[in-house]
Amino acid sequence: RIVGVLVPSLTWPWMGDVLQGVVDAVEAKSYGLLLFTCNRGDESMRQFATQVSAKSFDGLLVIEPEGTLEYIAGLHAKGLPVVMIDDRGHQPLFPSVATTNRLGAEAAARHLLAMGRRHPVVARGPERFGCTTERLDGFGQVYAEAGIPIPADRVVDGDFTFEAGRLAVKGLLDAGVRFDAVFAHNDLSAAGAIQALRDNGTAIPAEVAVVGYDDIPLAAHTEPALTTVHQPLREMGGAAARMLLSYLEGTPAPE
């Protein structure tokens, strides 16, 4: 009656909320929890593999460490029950609980359009993540349908960090790009965007509105407080854990 949880790191801003949802569901069924991180890269994965071989847990919940999806799929194919908690837009060949990235981005676009913002820029996440594509597509589609397609040069690269958001917006300001809104693909980069605007003396939201994504606790403590798309992080963790526990107790796993 032990569930394993594999995560990249505990330092991700929303990891605590996801894990709390997992813990609530697992403890309610009187299961224990084994937590594994990939802080040491390959060494961490080797240690994890020994625990898999020793059958130290009955099933696995995973927030995919980069580059491990094929390995995890292999474990599932060999009989280990696995459920992935995913916000990156991957489609694994085993059960997963995902968030509605495209719909969230559409909501952000509609909000900005309702404010009269017709010249947005996007500080996107890493291109290799499906969530980046989904959030960019959803946001862009709403603006395109309003007759305001977003030019490619209004989309700037980022890596989900505060500094990337700050530098992206600073670069636009330094280049004299005219914009009245920023849609950042997560709250950390949105906070960086706010810092760049404040350093520039730009009034928020009077001159430039900023919208983030995730609704981590930081969002309430930026200046001004950040408008953001809420991800149901605790609910995602709980749903994944309940799915796995149901399977362990005899309910067929979903496709």
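The values are calculated or read from the model by the stated rules, or taken from the named source; none is laboratory data. These figures come from a predicted structure and were not determined experimentally. Reconstructed Cβ throughout: ideal geometry from the backbone, glycine too, with neighbour counts over all protein chains shown. Accessible surface areas use protein heavy atoms only, side chains included; no ligands, DNA or RNA. Shrake-Rupley method; radii C 1.70, N 1.55, O 1.52, S 1.80 Å.
Things to note:
- Once the Cα-Cα distance is subtracted from the 0.36 nm per residue extended length, the Trp12 to Ala54 segment shows a gain of 12.3 nm.
- Computed lengthening from Asn39 to Arg1, 0.36 nm per intervening residue step minus Cα-Cα distance: 11.1 nm
- C-alpha long axis of helix 162-174 to longest principal axis of the chain, angle in °: 20 degrees
- Kirkwood Rh in Å, taken over the range 126-255 so that all alpha-carbon pairs contribute: 16.4 Å
- Within straight-line reach of Lys78, meaning a Cα separation under 23 Å, sit the following lysines at least 8 residues removed in sequence or on another chain: Lys55.
- For trypsin sites (Lys or Arg not before Pro), the sites in the range 41-94 that DSSP calls loop and that have at most 11 other Cβ atoms within 10 Å are Lys55, Lys78.
- Per residue, the chain exposes 47 Å² of accessible surface when a 1.4 Å probe is rolled over the protein heavy atoms with every protein chain present.
- When the alpha carbon gyration tensor of the range 114-180 is reduced to an equivalent ellipsoid, the three semi-axes, largest first, read 19, 17, 9 Å.
- Glu27-Asn200 pseudo-label distance in nm [points 7 Å out on the Cα-to-Cβ vector]: 4.6 nm
- Distance histogram for the chain (every C-alpha pair counted, 5 angstrom bins, percent rounded to whole numbers): 1, 6, 13, 16, 17, 13, 10, 9, 7, 5, 2, 1, 0
- Counting only alpha carbon atoms, the long axis of helix 130-145 and the longest principal axis of the chain meet at about 40°.
- Apportionment of accessible area to carbon and sulfur, the range 1-98, percent (1.4 Å): 51 percent
- Toward the positive end of the charge dipole of the chain, with +1 on the Cβ of Lys and Arg and -1 on the Cβ of Asp and Glu, the farthest Cα among Pro92, Val26, Leu218 is that of Val26.
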